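J.: Dropping the structure in here first, questions after.
The values are calculated or read from the model by the stated rules, or taken from the named source; none is laboratory data. Since the model is a prediction, treat every value here as computed from it, not as a measurement. Don't worry about glycine lacking a Cβ; one is built from the backbone with ideal geometry, like all the others, and counts go over all protein chains shown. We work out accessible area using only protein heavy atoms, side chains counted, and drop any ligands, DNA or RNA first. Shrake-Rupley method; radii C 1.70, N 1.55, O 1.52, S 1.80 Å.
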Amino acid sequence: MAIKKNSERLPQVGQFVSVKCGGSVPVRHPLMRDALLQAALDPTVRSIEYLPTIPAAPPTWDVDAIVVERDDCRYYLDIVEARPARSIAQRLMIAQALLDLGLRPLVRTESDVMREPRCTNARTVFEYASRPVDVGLRLQILGALTEDGAMPLGELLSRLRSHRDPVTGVMSLACSDLIELDLISTPLGPLTVTRLRQ
């Protein structure tokens, strides 16, 4: 059974952009946006890209997949509640085509994506994406983490001297993939472990 170019998709609700994305990624479900926020801030994720189709002989398959490259493997993001309406045969053919490309499924459910404190932490941090960080503040943040290694966020913030809000600088650098924040263990706060991106 051929998968048609115009197979049914969920409607697009926006675009997602991050330094880890090769371009903008269409977001077709709110859960997908949260999953992408988390992937963009996950230190094990190296890149995120959108794969609209797979050229095949003779048809072109409309897969509408988001590829997440981690340190260990390349995956396609499969949010159970955000799956497009497809027949079982279409799902199996697309899954096989993606496997043939070396992509393994990264299956997540709504409860996985909405798990706290990661969900709220990622949303909070990503509000600072693309905010400018002046050179002096950037050098202070990166210098402190280079010299002293990982430290609690409160300690890092207490070391920074700037006429601008240092929180904005730290969060923006996390969104720029230059520093890591532990967003899984505890709600974002003074004890959040902060380290230089490896």
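J.: Put +1 on the Cβ of every Lys and Arg and -1 on every Asp and Glu Cβ in the chain; which of Y50, S162, S111 then has its Cα farthest towards the positive end of the dipole?
T.: Y50
J.: Going by average Cβ density within 10 Å per residue, which order do the peptides 168-180, 185-197 take, highest to lowest?
T.: The most tightly packed comes first, giving 168-180, 185-197.
J.: On to the next question. Between R115 and V193, what is the spin-label point distance in nm, taking each point 7 Å from the Cα along the Cα→C-beta axis?
T.: A separation of 1.6 nm, rounded to one decimal place.
J.: Right, another one. So how strong a dipole does region 1-154 carry about its Cα centre when Lys and Arg Cβ are +1 and Asp and Glu Cβ are -1, to the nearest 20 debye?
T.: Charge dipole of region 1-154: 500 debye, to the nearest 20.
J.: At a Förster radius of 41 Å, what calculated FRET efficiency corresponds to the Cβ-Cβ distance of S185 and L99, to the nearest 0.05?
T.: Step by step, r from the Cβ atoms, then E = 0.75.
J.: With the Cα gyration tensor of region 105-198 in hand, give its eigenvalues times 5 under a square root as the equivalent ellipsoid semi-axes, listed largest first in whole angstrom.
T.: 25, 14, 12
J.: Same structure, new question: Once you've got the GNM for the chain with C-alpha springs shorter than 10 Å, pick whichever of P59, P117, P26 has the biggest mean-square fluctuation.
T.: P59
J.: Same structure, new question: Can you say what percent of the DSSP beta bridges in the chain, counting only those with both residues inside, are antiparallel? Round to 5.
T.: 75 percent
J.: Then there's this: Can you give me the angle between helix 166-175 and the longest principal axis of the chain, using Cα atoms only, in degrees from 0 to 90, rounded to the nearest 10?
T.: Orientation of helix 166-175: about 30 degrees from the principal axis.
J.: At 7 Å along Cα-to-Cβ for each site, give me the label-to-label distance between R46 and R91 in nm.
T.: It is 3.1 nm.
J.: With contacts defined as alpha carbon pairs under 8 Å and 6 or more residues apart, what's the relative contact order of the chain in percent?
T.: Relative contact order for the chain comes out at 20 percent.
J.: Cα axis of helix 88-100 to longest principal axis of the chain: angle in degrees, 0 to 90, nearest 10?
T.: Once rounded, the angle reads 60 degrees.
J.: Probe of 1.4 angstrom, ligands and nucleic acids ignored: what's the accessible area per residue over the chain, in square angstrom?
T.: 51 Å²
J.: Which order do I88, I54 take when ranked by solvent-accessible area (1.4 Å probe, heavy atoms of all protein chains), largest first?
T.: Descending accessible area places them as I88, I54.
J.: If you don't mind, another one. Given S130, L142, G102, which one lies farthest toward the positive end of the charge dipole of region 82-142, if we put +1 on the Cβ of every Lys and Arg and -1 on the Cβ of every Asp and Glu?
T.: After comparing all options, I get G102.
J.: While we're on this one: Please work out whether the chain counts as rounded, prolate or oblate from its C-alpha gyration tensor, where a ≥ b ≥ c are the square roots of the eigenvalues and a/c under 1.5 means rounded, while otherwise a/b larger than b/c means prolate and anything else oblate?
T.: Prolate, because a/c is 1.5 or more and a/b exceeds b/c.
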